[in-house]
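Please treat every number below as a calculation from the coordinates, not as lab data. Please read these numbers as outputs of a predicted model, since none were measured by experiment. Here Cβ is always computed from backbone atoms with ideal geometry, including for glycine, and neighbour counts include all displayed protein chains.
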Amino acid sequence: MKNPIRQVYDWTLSLAKKKTSSIWLACISFAEASFFPIPPDVLLIPLCLGAIRKALFFASVCSIASVLGGLAGYAIGHFSWDVLQLYFYEYVPGFTEEKFIKISDWYEEWGWPLVFLAGFSPIPYKIFTIASGVMGMAILPFIIASAISRSARFFLVAVLIAKFGEPMKELIDKHFNKLALVFGLLLLGGFLILKLLLKH
C-alpha cells in the first residue's frame with residue numbers, strides 16, 4: 001500500500017498539469033501555513049520546470065499566499081484555539097500538545113526569530129503561525145518575519161530550479177523516501193537547535 005504522504009505528494013504534483021495550476025499553488029501555499037502537510041515546493045518545482053521564465057512569478061505567488069496563510073494560522077490561534085486545538089493535535093502532522101506547550105514557553109523569551117526560522121527551515125511553519133496567535137505576538141513583526149523568511153525560501157527554490165532544471169525533479173522523484181527521511185532529520189535538528197539556543 002502506498003504511503004499516504006506519498007499519495008498526497010503525487011496528487012499535489014499532478015496539479016502542475018492543470019490550467020489552474022497557479023491558483024492551486026496559491027491555495028496549497030495558503031493551506032500549508034496552517035494545516036496542510038505537504039509544502040508548496042512540491043508544486044512550485046514542476047511549475048518552474050515547465051515555465052522557467054515564470055519561476056520568479058511562481059515564487060511570488062507562493063510567498064504572498066503563504067504569508068496570508070500564516071495570518072490565517074495566526075487568527076486560528078488568536079480566536080479559535082480553544083475550540084480547534086484537539087483537531088490539530090489529532091489530525092495535523094507536526095502538532096502535538098507537548099510540542100505546542102514547549103513552543104509556547106519559548107515565546108516568552110523569543111518571538112519573531114522563531115517565526116523567521118520556521119518560515120525558512122524544515123520546521124513546520126504552521127505550528128509557529130498558530131502559536132503566534134495564541135501567544136498574542138505583535139502582528140507587524142509577525143508579518144515582516146514571515147514575509148522575509150517565506151520569500152527567501154521560495155525564491156531560492158525557484159532560482160535553483162531555473163538553474164539546474166529537470167535533474168532536480170528527477171532526483172526528488174527517484175529518492176523521495178530518502179529525502180523524506182532527511183527532511184524528518186532536519187525537522188528534528190531544527191527543534192534541537194531551537195532548544196539549544198533557548199538554553200543560552
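If we sort 24-35, 45-56, 78-89 on the protection proxy, mean other Cβ atoms within 10 Å, highest first, what's the order? Kindly include the intermediate steps, with their values, before the conclusion.
Working: 24-35: 22.1, 45-56: 18.1, 78-89: 13.2.
Highest to lowest by the protection proxy: 24-35, 45-56, 78-89.
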Hz values of 3J(HN,Hα) by residue in the stretch 45-61 - Karplus curve (6.51, -1.76, 1.60), Gly and Pro given as x: 4, x, 5, 5, 5, x, 8, 4, 5, 9, 4, 5, 5, 5, 4, 5, 4
